[in-house]
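A quick write-up on the structure given underneath.
Computed from the coordinates by the stated procedures, all read-outs in this text should not be read as laboratory data. This one's a predicted model, so the numbers in the text were calculated from it and none came from an experiment. Glycine also receives a Cβ, built like all others from the backbone with ideal geometry; neighbour counts cover every protein chain displayed.
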Amino acid sequence: MLTKRLIACFDVINGMVTKANQFQNNIDIEDVTSVARKVYDMQIDEIIFYDILASAEKRKIDIKMVEKVAAEVFVPFTVGGGIKDAADMFEVLKAGAEKISVDSMAVRNPMIISEGAREFGSQCIVLSMQVKKVGKSDKIPSGYEIAIDGARVFTGMDAIEWAKRGESLGAGEIVVNSIDNDGTHQGYDIDITDMICQNVGIPVIASGGAGKLEHLYEVFTETGASAGIISSMLYSPKIARNYTVREIKEYLSGRGVHVRQYI
Amino acid sequence: MIGIIDYKAGNSHSVLNACNKLNINCRLISKADEFSDITKIILPGVGSAKATMDSLKELDIIDILEECVLKRGIPFMGICVGLQILFEHSEEGDAKCLGWLKGKVVKFDKSKVRVPQIGWNKLDWKKDSVLTDNLDKENAYLYFVNSYHAVPENQEDILAVSFYGQEFTAMISHDNIYASQCHIEKSGPVGLRILNNFAAL
């Protein structure tokens, strides 16, 4: 039986991992390769890196960084930020990443999803969505709107419509990141995660808000999410306490959630 | 010397990284005249069966692969799509494949499970193999990314199965031919152990 995945997600600026609180006040933490190595040794299931300024500064992802991580880490990892076409994707995949995450660029040019899926397969293309609770309206029937550019620009797009469109264009996975919950450590947004799980047939990754063990139990039992992003729980200095991957897995396993066993 | 087939759609560098980590003697190869000193072959794979077959044809290395693996009996390891193309036919892109093993490749049932399958799944071993030496078989979780899976005609070819809405073929062994639907190069210490066991053959 396929297990639920725990994913460590890092925001990277100039090769340093940072932790954003609702996308502002980034705190520098540590060199990306050494953080990646640490979470690999902790037996994390998967890693995601966002080069969070690549897009805004209109430059490409740091390929050297991707290569360095790939030489040290033997679990799958995804890279995002500043990817604008299939040529950029090819470079990142050749450097050793398994998947590419597209976010703002995909909103601006949805064809980047289909182009990537055609060239490299759907399994390589992760559609990352920043969702904000805005209340239901004619234009936003789900009550959740898509934002881009570090959650600063609102698009007028409905989150569920965008998720369905992403799937039909060929995305292989969807990350649902709650702007409201991100950095709060108060738990995932269960409602939107559940709604998106029910509306697409591809795996969904819950993101934003995990701070305690119960939050993971909640998202895996109350929604169809295949994976949960845990960032602060592992290493943020801002949180009440950090957890090891082992602690999280033993907790989940003990409560009947199927995870890859810690060995 | 292990030759890792390097083709456009593959993730040969990830396999190379894993082999380097294990201090395995290996190098990337992509031309027929690069096979002379090769004693084992790894065919990595991501993407579609059709694209992989097209790549191998374009590189013009199918004949030399068949000579090495089928005639000379060199140990071979196919990974992911590198497992799927060993069979006769794949539904993905209606592709005619190598046909080294009898059987076909079909898609997971979208009405039952999320497709692609992405994540760590547990293996259920069907026979003994040197590939599992020093491996805790009861706790062998490996990383899968696949929408399609092989259905071998000969049950004896199946080394391990896994479960995703249905039982499916996870690993193959047939004489000198080994193959893994899971990405052993990205499955942490368990995957590296299997890769190392293959290298030690």
What helix-only [θ] at 222 nm does chain B give? Using -39500 (n - 2.57) per DSSP H run of at least 4, over all residues, to the nearest 500, the answer is -5500 deg cm²/dmol
Between A:SER34 and A:GLN198, what is the spin-label point distance in nm, taking each point 7 Å from the Cα along the Cα→C-beta axis?
4.7
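Let me check against my output: what whole-number percent is the relative contact order of chain A, with C-alpha pairs under 8 Å and at least 6 apart?
Numbers: 575 pairs, mean separation 45.2, N = 263.
For chain A, the relative contact order is 17 percent.
Using R₀ = 60 Å, calculate the FRET efficiency as 1/(1 + (r/R₀)^6) where r is the Cβ-Cβ separation of A:SER253 and B:LYS96; round to 0.05.
Details: r = 44 Å, r/R0 = 0.73.
Once rounded, the FRET efficiency stands at 0.85.
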Taking one equal scatterer on every alpha-carbon of chain A, how large is log10 of I(q)/I(0) by Debye at q = 0.14, 0.16 1/Å?
-0.92, -1.25
With B:GLU58 itself left out, Lys, Arg at +1 and Asp, Glu at -1 over residues whose Cβ is under 14 Å from its Cβ give 0
Suppose the Debye formula is applied to equal point scatterers at every Cα of chain B; what is log10 I(q)/I(0) at q = 0.09 Å⁻¹?
-0.29
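If you wrap a convex hull around the C-alpha atoms of the range A:160-230 and split its volume per residue, what is the figure in Å³? If you can, show how the numbers build up before the last one.
Working: hull volume 5.1 nm³, N = 71.
Once divided by residue count, the hull of the range A:160-230 is 72 Å³.
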Fraction of antiparallel bridges per DSSP, the range B:2-199 only, in percent to nearest 5
60
Which of the lysines could be linked to B:LYS57 by a straight reach, that is with a Cα gap under 16 Å, when you skip same-chain ones fewer than 8 residues away?
B:LYS8, B:LYS31, B:LYS96
For A:THR221 and B:LEU201, what is the calculated FRET efficiency with R₀ set at 41 Å and r taken between the beta-carbons, to the nearest 0.05?
0.40
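From the cross-link list A:LYS164/B:LYS112; A:LYS4/A:LYS139; A:LYS139/A:LYS164, which pairs have alpha carbons spaced over 23 Å apart?
Values: A:LYS164/B:LYS112 18 Å; A:LYS4/A:LYS139 34 Å; A:LYS139/A:LYS164 16 Å.
The answer is A:LYS4/A:LYS139.
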Kindly list the residues of the range A:67-87 that lie in the label zone of B:ASN23, defined by a backbone N under 18 Å from the point 7 Å along the Cα-to-C-beta vector.
A:72
Between A:GLN186 and A:SER114, what is the label-point separation in nm under the 7 Å Cα-to-beta-carbon projection?
4.0
Pull up all non-local amide H partners of A:GLY209: gap of 5 or more, or a different chain, and H-to-H distance under 5 Å with H placed in the peptide plane.
A:GLY183, A:THR184, A:HIS185
Please report Rg over Rh for the range A:56-154, where both radii come from the alpha carbon positions and Rh follows the Kirkwood definition.
1.04
Restricting things to alpha carbons, find the Rg to Rh ratio for the protein assembly as shown using the Kirkwood radius for Rh.
0.96
Taking every DSSP beta bridge with both residues inside the protein assembly as shown, roughly what % is antiparallel (nearest 5)?
45
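Between B:ASN154 and B:MET1, what's the calculated FRET efficiency when r is the beta-carbon distance and R0 is 22 Å? Round to 0.05.
On the way: r = 31 Å, r/R0 = 1.40.
Once the sixth-power term is evaluated, E becomes 0.10.
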Residue-wise, which Karplus ³J(HN,Hα) couplings in Hz belong to the range B:38-46, taking 6.51 cos²θ - 1.76 cosθ + 1.60, θ = phi - 60°, and x for glycine or proline?
7, 10, 8, 10, 10, 10, x, x, 9
